[in-house]
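Structure first, then comments.
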Amino acid sequence: MSQPLYVAFIWHQHQPLYKSTAVSTDTAAQYRLPWVRLHGVKDYLDLILVLERYPKLHQTVNLVPSLILQLEDYVSGIALDPYLALTVTPETQLTKAQKGFIIENFFDAHYHTLIEPHPRYAQLFNQRHEKGRSWCLTNWSLQDYGDLLAWHNLAWIDPLFWDDLEISQWLQQGQNFSLSDRQRIISKHRQIIGRIIPQHKKMQESGQIEIITSPYTHPILPLLADSEAGRVAVARMALPHHRFQWPEDIARHLKKAWDIYHDRFGSYPNGLWPSEQSVSPAILPYVARQGFKWLCSDEGVLAATLGHSFGRDEYGNITEPQLLYRPYRLSTPEGDLSIVFRDHRLSDLIGFTYSGMSPTTAAQDLIGHLENIARSLPQEMDNPALVTIALDGENCWEHYQRDGLPFLETLYQTLSDHKNIQLVTVAEYLEKHPPTVSIAPETLHSGSWIDANFTTWIGDKAKNKAWDYLAAARQVLAAHPEATEDNNPEAWEALYGAEGSDWFWWFGEGHSSNHDEIFDRLFREHIMALYRSLNEPIPSYLLLPLEDHGRKPTHGPESFIHPIIDGFGDEQDWDKAGRIEIGGASGTMHQSTIVQRLFYGWDHVGFYLRFDFKAGAQPKKDLPSHLHLLWYFDNIHRLQSPIPLKGVPQRPPLDYGYHYHLGVDLSSEAICFQRAGEYHHWDTETSGAKASFNECLELIIPWHDMHIEPDYNLHLVAILAEDGQFKEFVPQDQLVLMKRP
């Protein structure tokens, strides 16, 4: 290899604007949720402190301006969130309602990594889980509440800081925490958060990291320019009743970001992370005019721009790598921009999959992918290749052992010793190897990192209603030319807050959390603050929730999952899985079944299934002896065989031909895996599938058993059978659709 393989990691650090604009008599800022503070002590500082141990490795970090401001509020003591307020409340003063809130919310953490390792925290969790919330409310002592308040704040402190004398003492103490202990824990939070910005500045000045920025409150810039941009990728998208078209707001968000960056870091940024990696031709002149030199997006956007499909083999290796692993030039009237496109799959492996592997296996897998890329590159490339890996730098680590520290240490040590892979910042790569290939700006696709479109933020009923609320408020502000940013900053800050992408992420279909109602309220509070600052009447519709926040019982997967397959159905493991309610539903003509619900989802390792049966159901007593899973694929011509059971009704989908069959003995958990052969026979093959049946049945089927390339769909039907005789199949009104990532 004449040139090293250059790799640019870009870590994106962002949280929604939790700061409420509601009228309050409190002097402290009211933060509706604590995640800026908790991620501040767990994710932002340790990520670069670990990197600092490996000076040969250079990386890029994006700090969103609205995150910086919220971190500073916590450091100064201005910020007060409900969790923090309760933490420093004497136990004797807790009301019954506050105790109920603590029981409900102070276990908001991934069980296996943040709760289970701490015996006292796990003891309290298990009491709530096994005996119920009402029992806890009746039976817990004041000390139980005091310990839970302490542990919720202790568990989020990153393991990198556990050698701190005070933190070490608290971890050893384990229980019987006092109000003074909790006050000191919160003080420790402020100390850690206070180091974040200075440490980033120090490491940028040393040349090991490049700090970039995003639009001020993380809005989707193409949709600020014109909500019609949604129809570039989805031509028949249903759009809001009122067109949102305020491109001048792009310049405002970029200028605010530029000034905040300069004030904190004493220099100007080179790079821009456009919110949600969303780009369009309309935003480019504003980006260049502000002075940015480069920006990043996703491989799906590049594929749509080039009219090229990036195929991958069954191992995930991309075809025609020279198209993806290079920067491109965008020439605008305001100046040239460079743009890099991330490898979506490698980014997702870190974000969603490697946490389910051992640190060594995960690090070796990533290095193996990079080495495969280096071998696959053509010799005639004019510049050395640049592989861009860009992802959320905070949320994924909650699922890793010790917040990702063993994985990062293993990965970084291997990369430091590697002779043919070099980690660089994007700016230093571009300085030496400016792009030699151009994309005509008008041909740049309008899309984001999710499916190269904007359907996550616009297009369904609830999201469109929110855009209509925002459009009406923006028009009211425009009707007040006297309200400038200098003499009425409250109005403009309220607008910027409402334009953030996060509210639209949670509205409607696609994503849900335990805090949907709070996100709804925050969005409406920002808009109400705008009307209030202009002395305009607040529309009555803003006083009501934008949508019903009851979670739909049946829904598709919301994110990658990687549950532990032990048959106990940990609710956190399956929280983001698809869910199909089968038995026990209300309504006429609903056939009873022993299967109550089916959960399903996947990551890059394989796909996962969970079957919940009626309580206490046992194989060969209440349950048939076997479960049979059968799959067929979309648009793939492969041998097919009929379902290998007796008494199968000859009606769709039971009369289809299937390519794979997996049988599970529900008593022994033994698995038989078969592939369709010639003449409608089934040939037995080895499989890495695993099943476990305790309180429920959980399974993993590795993707490599399926021998399909990424992005292919497969359809699943599940059948219960006794001694080879068909009994019933689920779900009865649909097939389960899965897609290999």
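Computed from the coordinates by the stated procedures, all read-outs in this text should not be read as laboratory data. Since the model is a prediction, treat every value here as computed from it, not as a measurement. Positions of Cβ are generated from backbone atoms using ideal geometry, with glycine treated the same way; all protein chains shown enter the neighbour counts.
One chain, two ends: VAL648 and ALA472. Fully extended at 0.36 nm per residue, the span grows by 57.6 nm beyond their Cα-Cα distance. Computed on the chain, with alpha-carbon pairs under 8 angstrom and 6+ residues apart, the relative contact order is 14 percent.
Annotation for the range 196-256: trypsin sites (Lys or Arg not before Pro) lying in DSSP loop with at most 15 further Cβ atoms inside 10 Å of their Cβ are ARG236, ARG243. Charge dipole of the range 77-194 (Cα centre as origin; +1 on each Lys and Arg Cβ, -1 on each Asp and Glu Cβ, all else neutral): 360 debye, rounded to the nearest 20. The fewest-to-most ranking of ILE103, ILE701, ILE197 by surrounding Cβ atoms within 10 Å reads ILE197, ILE103, ILE701. Neighbour counting of Cβ atoms within 10 Å sorts the residues THR305, THR684, fewest neighbours leading, into THR684, THR305.
Per-residue extension of 0.36 nm, minus the Cα-Cα distance of LYS614 and SER540, leaves a gain of 22.1 nm for this segment. At full extension, THR319 and ARG190 could sit 41.7 nm farther apart than now, given 0.36 nm per residue minus the alpha carbon distance.
Could you work out the Rg to Rh ratio of the range 401-496, with Rh taken as the Kirkwood radius (inverse of the mean 1/r over all Cα pairs)? We get a ratio of 1.18 for the range 401-496. Here the chain carries DSSP beta bridges of which approximately 65% are antiparallel, counting only pairs with both residues inside. Once both labels are positioned 7 Å from their Cα atoms along Cα-to-Cβ, the gap between SER513 and ASN372 label points is 3.3 nm.
Each peptide in 307-315, 460-468 receives the mean, over its residues, of other Cβ atoms within 10 Å, and ordering these scores from highest gives 460-468, 307-315. In the range 358-460, one over the average inverse separation of all distinct C-alpha pairs is 17.0 Å, which is the Kirkwood hydrodynamic radius. The label-point distance for GLU678 and ALA235, in a model that sets each label 7 Å from Cα toward Cβ, rounds to 4.5 nm. Over every Cα atom in the range 190-259, the radius of gyration and the widest Cα-Cα span, Dmax, amount to 18.0, 51 Å. In this structure, the pairs whose alpha-carbon distance is over 18 Å, taken from LYS201/LYS255; LYS614/LYS727; LYS576/LYS739, are LYS201/LYS255.
Quarter the surface of the alpha carbon convex hull of the range 578-739 and you get the mean projected area, 9.6 square nanometres. Working note: 222 nm ellipticity from helices only, DSSP H runs with n ≥ 4, each -39,500 (n - 2.57), summed and divided by the residues of the chain, gives -10000 deg cm²/dmol to the nearest 500.
In this rough spin-label picture, where each label sits 7 Å from Cα along the Cβ direction, the GLU571-HIS704 distance is 3.6 nm. Placing R0 at 25 angstrom, the Cβ-Cβ distance between SER267 and SER76 gives a FRET efficiency of 0.60 after rounding to 0.05.
Note on the chain: dipole from Cβ charges, positive end direction compared against SER134, GLN15, PHE341; the farthest Cα belongs to SER134. Normalised radius of gyration (Cα atoms, divided by 2.2 N^0.38 Å) for the range 333-395: 1.41. A Stokes-Einstein calculation at 20 °C with viscosity 1.002 mPa s, built on the Kirkwood radius of the chain over Cα pairs, returns a diffusion coefficient of 77 µm²/s. If only the Cβ of Lys and Arg carry +1 and only the Cβ of Asp and Glu carry -1, the dipole of the range 578-739 around its Cα centre is close to 320 debye. One way to sum up the overall shape of the range 272-415 is the equivalent ellipsoid from its Cα gyration tensor, whose semi-axes run 29, 20, 13 Å, largest first. Charging the Cβ of each Asp and Glu at -1 and of each Lys and Arg at +1, and nothing else, the dipole of the chain about its Cα centre rounds to 500 debye. Amide H contacts for VAL387 (H built 1.01 Å from N in the peptide plane; partners 5 or more residues away or on another chain; cut-off under 5 Å): TYR6, VAL7, ALA8.
Packing, as the average of other Cβ atoms within 10 Å across residues, places the peptides 291-299, 395-403, 353-361, 643-651 in the order 291-299, 395-403, 353-361, 643-651, highest first.
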